[in-house]
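The values are calculated or read from the model by the stated rules, or taken from the named source; none is laboratory data. Here the structure is a predicted model, which means the values were calculated and not measured. Neighbour counts are summed over all protein chains in view; Cβ atoms, including those assigned to glycine, are modelled from backbone coordinates with ideal geometry.
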Amino acid sequence: MTVSFQDVVFAFDFSRIETVGGVRYLWDYGPNQFSFAFPGGAADPTPQLDGSLYFNAAPQYLSLPAGQLARFYAVIPTTELTLLLSYRADAGAGALWSNWNSAGGGLNKGISVLAQVSAAVAPRFYQFQGGAPQPYLLGSIAHGLGRKNVLLYTMEAAPRGLTNNATNGAAWAVGAFGATVHDTAIVPRIGCYPAGVSGYTGAIYYLALLRGAASSQDLSSLSALLGQGVKPFCWRQT
């Protein structure tokens, strides 16, 4: 596999939770240490025995600490990137991960991974380019509700992807690949949009973003590892 560890923006296995200064964090195994914080109380997702976190759409969520925003936006790419995800959606639509600015001033900024209402479609992967349109890509393989799926997408002019280790026909459904425009004041969240709406219902087992579009060979290797329960780039460092 040719993907460099330094190309990992973040990588979460959803089982390692650390408490620092009285705050619980989902541990980021990537080189940047973008560990996301539990908000506390009823908004906290629930750890499961299978190593996932369960989100109940209330919403429940995790957030990047505000003090990490400058570093985060210096690292996350505006061009090609790769999404790695293992999840089980149980109902409805919901944001799995997002730093979307909710179209502030009529301009859409950031990226989002959105689960779908229908069991007949795959998650949408949005690339907001600083205008009114909302370009997104998605695969042609139905993911269904109530079952665990492994999903990989590349965000590039001709996207590629795998669902449960099968080529998923990823393509731009709306718009086309361009340059991502980020709003550097937006706090990224797992489990809902940063604005606190579109809460996700279901479990997340693994989530990673990589700088650049991984090769087809690497996508196949990463998909196979995730399908076997191996979480790429995640190992406990002491």
Just checking, does region 105-120 include any residue being in contact with an Asp or Glu (Cβ under 9 Å, 6 or more places away or on another chain), of a type outside the set (A, V, I, L, M, F, W, C), in a helix (DSSP H, G or I) and exposed (fewer than 15 other Cβ atoms within 10 Å of the Cβ)? no
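If we keep just the residues of region 135-184 that are of a type in the set (D, E, K, R) and closer than 26 Å to Asp90 by Cβ, which is modelled with the highest pLDDT? If you could, list the steps in order and put the result at the bottom.
Filtering region 135-184 down to residues of a type in the set (D, E, K, R) leaves 147-148, 156, 160, 183.
Restricting the remaining residues to those that are closer than 26 Å to Asp90 by Cβ gives 147-148.
On the way: Arg147: 92, Lys148: 95.
Taking the candidates together, the pick is Lys148.
Looking at Ser52, Ser98, which one is among the polar types (S, T, N, Q) and within 12 Å of the chain's Cα centre (by Cα)?
Details: Ser52 fails: within 12 Å of the chain's Cα centre (by Cα).
Just one listed residue meets the conditions, Ser98.
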Scan of region 134-174 for residues that are closer than 15 Å to Ile111 by Cβ and out of contact with any strand residue (DSSP E or B) (no Cβ under 7 Å at 6 or more places or on another chain), ordered by number: Glu156
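Could you tell me whether region 210-228 includes any residue that is within 14 Å of the chain's Cα centre (by Cα), surrounded by fewer than 23 Cβ atoms within 10 Å (Cβ to Cβ) and either of a type in the set (Ser, Thr, Tyr) or closer than 16 Å to Ala11 by Cβ (or both)?
Taking region 210-228 first, the residues within 14 Å of the chain's Cα centre (by Cα) are 210-211.
Now narrow it down to the ones that are surrounded by fewer than 23 Cβ atoms within 10 Å (Cβ to Cβ): 211.
Then drop every residue that is not either of a type in the set (Ser, Thr, Tyr) or closer than 16 Å to Ala11 by Cβ (or both), which leaves 211.
Yes; the residues of region 210-228 include at least one that is within 14 Å of the chain's Cα centre (by Cα), surrounded by fewer than 23 Cβ atoms within 10 Å (Cβ to Cβ) and either of a type in the set (Ser, Thr, Tyr) or closer than 16 Å to Ala11 by Cβ (or both).
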Every residue in region 138-169 that is of a type in the set (Lys, Arg) and either surrounded by fewer than 19 Cβ atoms within 10 Å (Cβ to Cβ) or closer than 14 Å to Gln116 by Cβ (or both), please. Arg147, Lys148
Checking Ala95 against (1) hydrophobic (A, V, I, L, M, F, W, C); (2) part of a strand (DSSP E or B); (3) under 18 Å from Lys148 (Cβ atoms), which single condition isn't satisfied? (3)
Among residues of region 88-104, those that are surrounded by 24 or more Cβ atoms within 10 Å (Cβ to Cβ) and not hydrophobic (A, V, I, L, M, F, W, C), counted: 3
Any idea which of (1) within 19 Å of Leu151 (Cβ to Cβ); (2) in contact with a strand residue (DSSP E or B) (Cβ under 6 Å, 6 or more places away or on another chain); (3) of a type in the set (Asp, Glu) is the one Glu18 doesn't satisfy? (1)
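Which residue out of Pro45, Pro77, Pro135 is surrounded by 23 or more Cβ atoms within 10 Å (Cβ to Cβ) and either within 23 Å of Ile17 (Cα to Cα) or within 18 Å of the chain's Cα centre (by Cα) (or both)?
On the way: Pro77 fails: surrounded by 23 or more Cβ atoms within 10 Å (Cβ to Cβ); Pro135 fails: surrounded by 23 or more Cβ atoms within 10 Å (Cβ to Cβ).
Checking each option against the conditions leaves just Pro45.
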